[in-house]
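Encoded as structure tokens, the structure appears first; notes follow it.
The values are calculated or read from the model by the stated rules, or taken from the named source; none is laboratory data. Note that this is a predicted model, so its numbers are computed, not measured. Virtual Cβ from ideal backbone geometry, glycine too; neighbours counted across all protein chains shown.
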Amino acid sequence: MVKKEWIEKGFADEPVAESFDLKKEIRALCKEKNAVIMAHYYTEGAIQDLADFVGDSLALAQKAAKTDADIIVMCGVHFMGETSKIICPDKKVLVPDLNATCSLAESCPAGEFARFVADHPDHTVISYVNTTAATKALTDVVVTSSNARQIVESFPKEEKIIFGPDRNLGGYINSITGRNMLLWDGACHVHERFSVEKIIELKKSHPGAKILAHPECKGPVVKLADVVGSTAALLKYAVQSEDKEFIVATESGILHEMQKACPEKTFIPAPPTDGTCACNECNFMRLITLEKLYNTLKYEWPEVTVDPEIAKKAVRPIHKMLEISEKLGL
Ligand code: 13P
Ligand code: SF4
């Protein structure tokens, strides 16, 4: 039974004996309950290895839309679980720790965004998937970093557009499309802290290394990059490239899949400005542990819920994104 103190904490912290084979038990619970484990590339390596599917935000949404499992366990942050729940309202969607939020989603409270939208009634609203359901409900079309460019370009050049909440991704899309979208002033605390100086230093000692950057990074980091793209796009480039060394400016969890796919290549995490650690981790993604995943499956809790009125509005821009992406073969 779910305990009262767990509800306050947002996750089940029932201890598991060291002798317990967590991975085996998790797989057994998945089979018994017809559950599917989906994981984002930023979760810890052990979670990615155990998941049925690992992907970027777009692929996770696409996979959720097609799954025939009864339970989706989303090993990622809350908005990823919420997106799955909105797409699959009849399924049980679980996120192992409800505290796994996202600084980008938090940087765009729906009430303030609603006022911003109301102040610009002639604008189309494009929102990054890293938003709460309530913010998506105010949106015309959702995008991820995998399809933002193509979706923005699917609108006429003269279309007036609000883009939220990531000022870095929005600024990057403006720069490559020649648009002048009105940007919400939000950012990801992880991608904002990459250090240009430290990346330049690193490049001096690895002159042959290609710099891979996520578009959530600040403009000066993106300018240094040889390749800019979503986690899936960066992984694909690393796999297909003839190059042997890469400096990776995104959350360091992606290095697990890169190294696994290309054991003969070298992947160097781009360092953050602060501290001595070479890695730049998303503290929210790291809340998802094997132990919490096991308890989540066992108790079928914590479950992601979305207010039905909000879900009714938020599902439209998500479906629009999925439809455009399918048409474009993304
Ligand atoms: P991707 O869609 O590129 O995986 O990005 C998700 C994310 O949260 C980036 O910080
Ligand atoms: Fe959100 Fe940034 Fe973490 Fe991605 S890395 S989930 S944008 S806080």
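The helices (runs of 4 or more DSSP H) located wholly in the range 4-77 that include 3 or more residues which are more than 16 Å from ligand 2 (Cβ to nearest atom) and crowded, with 16+ Cβ neighbours inside 10 Å occupy 22-33, 57-66. Filtering the range 178-204 to residues that are within 11 Å of ligand 2 (Cβ to nearest atom) and assigned to a helix (DSSP H, G or I) leaves His191, Glu192, Arg193. Close contacts from the range 263-287, counting a first residue that is within 14 Å of Ala209 (Cβ to Cβ) and a second that is of a type in the set (Lys, Arg) and at pLDDT below 95, with Cβ to Cβ under 6 Å and a gap of 6+ residues or different chains, come to Pro271/Lys198. Among the residues making up the range 45-72, a single one is in contact with an Asp or Glu (Cβ under 9 Å, 6 or more places away or on another chain), over 18 Å from Glu303 (Cβ atoms) and more than 15 Å from ligand 1 (Cβ to nearest atom): Gly45. Annotation: Asn130 fulfils all but one of (1) among the polar types (S, T, N, Q); (2) over 15 Å from the mean Cα position of the chain (by Cα); (3) within 16 Å of ligand 1 (Cβ to nearest atom); (4) buried (at least 21 other Cβ atoms within 10 Å of the Cβ); the unmet one is (2).
When Ser205 is tested against the conditions (1) among the hydroxyl-bearing types (Ser, Thr, Tyr); (2) free of Cβ contacts under 8 Å to residues at least 12 places away in the same chain; (3) closer than 25 Å to Leu60 by Cα, the lone failure is (3).
So, Ala137, is that one at pLDDT 95 or above, away from ligand 1 (no atom under 16 Å from the Cβ), more than 23 Å from Thr250 (Cα to Cα) and surrounded by fewer than 20 Cβ atoms within 10 Å (Cβ to Cβ) or not? Taking the combined requirement at face value, the residue does not satisfy it.
I need the strands (runs of 3 or more DSSP E) fully contained in the range 108-164, keeping only those with at least 2 residues that are closer than 27 Å to Leu60 by Cβ, more than 16 Å from ligand 2 (Cβ to nearest atom) and in contact with a helix residue (DSSP H, G or I) (Cβ under 8 Å, 6 or more places away or on another chain).
Passing ranges, in order: 124-128, 161-164.
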